[in-house]
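First the structure, in the form of structure tokens, and then the observations on it.
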Amino acid sequence: MDDRRRRFEAQVLPHLDAAYRFARWLARSSEGADDVVQEAILRAYRGFDGLRGSDAKAWLLTIVRNCHSTALRQQQRRAQVPLPEEHDPLDGDALIATTPDPESASIRQDEERTLERLVALLPQDYREVLIMREVEDMDYRSIAAVVNVPLGTVMSRLARARAALRKHWMSQIEGTPRAMP
């Protein structure tokens, strides 16, 4: 194995799971995320010599975001309507999960579905920064580098995303019947 490949595997591949999670939120499907991450890893390897600095995660997530944008533009040019997925990605975990308590697993799955549905209601700009901050635990500077906006814009988008998420959640709670105390 050559030195370039070894360095790539050591610096970039540890962030493959983060790239997939980010792509999953952007593409809103496992299949779309697979395609985006595959293209992003290929582009990252080809452009690895251009990596400057030590933040390989932000660099890789920038490539994932760009690959998603490119794929989205290509899909819109073709004017295709995606077919429904054969398997529901939200129920896939239920088939694999090995929890001792089925009730707890069901509650957790409902909460995950609710969170995913509420996050999906957010505009893309808000959703991106929220996922990078809260799920990927990235700092504001790295997020600003990935989305290519000023630091203050990241902070305001994050605040608005949290407020919108809270508003959606509260309206959902108010819309569901609650048990009497």
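The values are calculated or read from the model by the stated rules, or taken from the named source; none is laboratory data. Predicted model, so just to flag it, every value in this text is computed and none were measured. Reconstructed Cβ throughout: ideal geometry from the backbone, glycine too, with neighbour counts over all protein chains shown. Side chains included, ligands, DNA and RNA excluded: accessible areas come from the protein's heavy atoms. Shrake-Rupley method; radii C 1.70, N 1.55, O 1.52, S 1.80 Å.
Selection within region 1-28: residues that are over 13 Å from Ala71 (Cα atoms) and open to solvent by less than 30 Å² (accessible area, probe 1.4 Å). The member of this set that is nearest to the chain's Cα centre (by Cα) is Phe22. Within the bounds of region 117-133, is there any residue that is modelled with pLDDT of 85 or more, part of a helix (DSSP H, G or I) and open to solvent by 100 Å² or more (accessible area, probe 1.4 Å)? Yes, region 117-133 has at least one match. Among the residues of region 13-58, those identified as over 17 Å from Asp137 (Cα atoms), basic (Lys, Arg) and either touching a residue at least 24 places away in the same chain (Cβ under 8 Å) or part of a helix (DSSP H, G or I) (or both) are Arg28, Arg43, Arg46.
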